[in-house]
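The values are calculated or read from the model by the stated rules, or taken from the named source; none is laboratory data. Here the structure is a predicted model, which is why all the values come from computation and not from measurement. A quick note on method: Cβ atoms are made from the backbone with ideal geometry, for glycine too, and the neighbour counts reach across all protein chains shown. Surface areas here come from the heavy atoms of the whole protein model, side chains and all, with no ligands, DNA or RNA. Shrake-Rupley method; radii C 1.70, N 1.55, O 1.52, S 1.80 Å.
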Amino acid sequence: MSITLKNRLAMKPRNQINVKEEMLSEESSDVKIEHKLKKHGKHFFQVLALPEAVNLIYEHITELSKSNEELRQFVLDAGLGNPIAQEKMKAIVHNLLLEHRIVVEEATLIEPMNATESIFAQTCGAGLLEDLYRLKDVEEVQVVGTEIFIIRNGESSLHPRKFASVQDVRLLQDRLALCGKKPINEKNPVLQSYMYNRSRLVMARENYSDVPLICIRNFIVRDVTLSSLVQLGTINPWMEELLGFFVQFHASMIVGGSTNTGKTTFLFALAQQIPARERIITLEKEYEISLRERLKGQRNIVSLREVVENELPMEEAFKPILVMSPKWVVIGEAKGAEVSQMIQGSLRGHDIMGTMHTKYRESFMSDVVDMVKQDGRNHDDGNLKSRIARAFNIIIFLRLVLINGVNRRIVTEITELYADSEDRVYVNPLIVWNYETKDWEATGNKLSKYIMEHMITFNADIQVFQRLGVY
């Protein structure tokens with residue numbers, strides 16, 4: 001069957017022609033053509049390989065969307081994973097298959113998808129990644145050239161699916177870039193955007209990278225509590241109780257760690273402990289932690305994010321927060337000069353909770369200093385470090401720890417940070433992870449009078465901390 005005939009058949013409603021008769025009229029052997037037909041009831045269907053079916057359906061959808069702006073928007077929204085748009089487009093694909101009597105060869109489908117799902121993925125969706133980035137336990141899907149890697153529990157594994165060519169990867173990049181309305185080309189070889197479910201989408205191509213790259217990072221912020229983190233082995237019951245009191249009595253906290261250590265998930269567990277009567281304002285690059293949607297009860301929560309195109313990067317977006325009367329300011333992830341605003345906000349009486357990327361707990365202070373200095377101002381290092389120590393009372397550090405062959409997310413340290421009246425900075429570990437015994441150890445260190453005086457103003461009971469052995 002020639003390409004011309006395929007296109008002619010694809011663009012005609014099937015109730016107006018006899019598929020078998022029209023195909024038999026072509027100048028080719030009857031035996032070869034009969035092999036392309038499948039009878040179902042009284043009707044004959046074209047049997048096509050997936051790439052052929054994709055081409056036909058894609059051309060039809062493209063033609064329809066030229067004169068239908070609503071359909072065009074559905075196509076764009078479906079590409080980034082909007083569930084309503086996806087169901088709409090899958091229904092259109094299914095109807096086109098029936099209308100034009102097309103059957104897709106099972107051997108060519110994307111396992112485990114059916115024909116409608118496979119064609120949708122290749123015409124409107126995320127291609128071979130469409131179902132992979134949605135899997136609950138998948139933290140990241142990475143494409144390097146034609147190969148696909150899946151990240152689970154911090155470990156990378158090669159997936160059996162593979163793109164047929166790097167050109168197919170580029171075509172998928174183009175489609176996702178079009179859906180996100182941000183270009184990727186030789187002049188703009190790197191793109192960062194977001195899928196509908198808030199997964200971070202990063203793509204790169206030549207000449208920035210040697211082969212096309214796609215990375216979809218899922219922010220698996222589960223609806224966890226400190227109690228459920230005890231069950232997962234991230235903390236122990238003693239730490240659960242201590243951290244709960246820190247939140248209750250308004251100690252500012254920063255959760256640190258490297259990639260995939262569960263910082264944002266841990267932040268959500270801490271935020272669960274904030275009393276419902278206290279106003280929370282969150283600031284993120286994108287709405288990832290989603291406290292307003294996910295925290296239970298009638299809460300006063302304001303969700304804000306940076307808007308770079310309107311000259312509201314994180315640092316500038318933070319400034320209006322301080323006049324919005326927050327009791328808590330929750331920062332999804334501190335990466336740059338906005339840390340300076342976090343310090344200022346904390347020292348002015350707004351309690352801060354957030355995360356930051358840092359490889360070692362020991363480098364926390366220097367990492368924060370580096371981020372503050374991104375504001376371009378001159379800072380005295382000694383004064384800056386004492387301000388940091390007063391602003392962030394508690395540092396919680398997370399690591400991926402291999403235990404019995406399985407990576408576990410472990411809080412390896414809970415440490416108080418403070419500065420005395422002479423601006424001397426102290427790092428005061430309260431509990432640490434013993435890598436030899438694979439268990440936590442209390443250091444025996446006591447909380448400083450500075451944090452205790454602060455918490456007492458919020459009705460903290462000294463005996464509670466004495467019972468826990470930290471005062």
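When the stretch 115-145 is examined, which residues are found to be in contact with a Pro (Cβ under 9 Å, 6 or more places away or on another chain), within 14 Å of residue 168 (Cβ to Cβ) and part of a loop (DSSP other than H, G, I, E, B)?
145
Which of the residues spanning the stretch 336-384 are out of contact with any strand residue (DSSP E or B) (no Cβ under 8 Å at 6 or more places or on another chain), part of a helix (DSSP H, G or I), under 24 Å from residue 451 (Cα atoms) and open to solvent by 30 Å² or more (accessible area, probe 1.4 Å)?
We begin by selecting, within the stretch 336-384, every residue out of contact with any strand residue (DSSP E or B) (no Cβ under 8 Å at 6 or more places or on another chain); these are 336-337, 340-341, 343-344, 347-349, 359-360, 362-363, 366, 369-370, 372-384.
Subsequent filtering for residues that are part of a helix (DSSP H, G or I) retains 340-341, 343-344, 347, 362-363, 366, 369-370, 372-375, 381-384.
The next check asks that each one be under 24 Å from residue 451 (Cα atoms); those that pass are 340-341, 343-344, 347, 362-363, 366, 369, 372, 381-384.
Within the stretch 336-384, 344, 347, 362, 366, 381, 382, 383 qualify.
Starting from the stretch 147-159, keep only residues that are within 16 Å of residue 262 (Cα to Cα) and open to solvent by less than 50 Å² (accessible area, probe 1.4 Å), then list their pairs with residues that are modelled with pLDDT of 95 or more and part of a strand (DSSP E or B) whose Cβ atoms are within a distance under 7 Å, requiring at least 6 positions of separation or different chains.
Pairs found: 151/142.
Condition (residue is touching a residue at least 40 places away in the same chain (Cβ under 8 Å) and open to solvent by 40 Å² or more (accessible area, probe 1.4 Å)) applied to the stretch 182-192: is it met by at least one residue? Spell out the reasoning first.
Taking the stretch 182-192 as the starting set, the residues that turn out to be touching a residue at least 40 places away in the same chain (Cβ under 8 Å) are none.
Looking for residues that are touching a residue at least 40 places away in the same chain (Cβ under 8 Å) and open to solvent by 40 Å² or more (accessible area, probe 1.4 Å), one finds none in the stretch 182-192, hence no.
Tally up the residues in the stretch 277-300 that are modelled with pLDDT of 90 or more and over 21 Å from the mean Cα position of the chain (by Cα), please.
The qualifying residues number 6.
Looking at 230, 224, can you tell me which residue is among the aliphatic types (A, V, I, L, M) and part of a loop (DSSP other than H, G, I, E, B)?
Working: 230 fails: part of a loop (DSSP other than H, G, I, E, B).
The conditions single out 224.
Out of 123, 146, 116, report the one residue that is among the hydroxyl-bearing types (Ser, Thr, Tyr), under 21 Å from residue 75 (Cβ atoms) and in contact with a Phe, Trp or Tyr (Cβ under 6 Å, 6 or more places away or on another chain). Even if it seems obvious, please write down each step before you answer.
On the way: 146 fails: under 21 Å from residue 75 (Cβ atoms); 116 fails: in contact with a Phe, Trp or Tyr (Cβ under 6 Å, 6 or more places away or on another chain).
Checking each option against the conditions leaves just 123.
Those residues that are among the hydroxyl-bearing types (Ser, Thr, Tyr) and open to solvent by less than 10 Å² (accessible area, probe 1.4 Å), I need them from the stretch 256-289; list them, please. Talk me through it step by step, then tell me what you get.
Filtering the stretch 256-289 down to residues among the hydroxyl-bearing types (Ser, Thr, Tyr) leaves 258-259, 261, 264-265, 282, 287.
Of everything in the stretch 256-289, those that are among the hydroxyl-bearing types (Ser, Thr, Tyr) and open to solvent by less than 10 Å² (accessible area, probe 1.4 Å) turn out to be 261, 282.
If a residue must be open to solvent by 10 Å² or more (accessible area, probe 1.4 Å) and assigned to a helix (DSSP H, G or I), how many such residues does the stretch 385-399 contain?
Start the filter on the stretch 385-399 by keeping residues that are open to solvent by 10 Å² or more (accessible area, probe 1.4 Å), which leaves 385, 387, 390, 393, 399.
Still in the list and also assigned to a helix (DSSP H, G or I): 385, 387, 390.
Of the residues in that region, 3 qualify.
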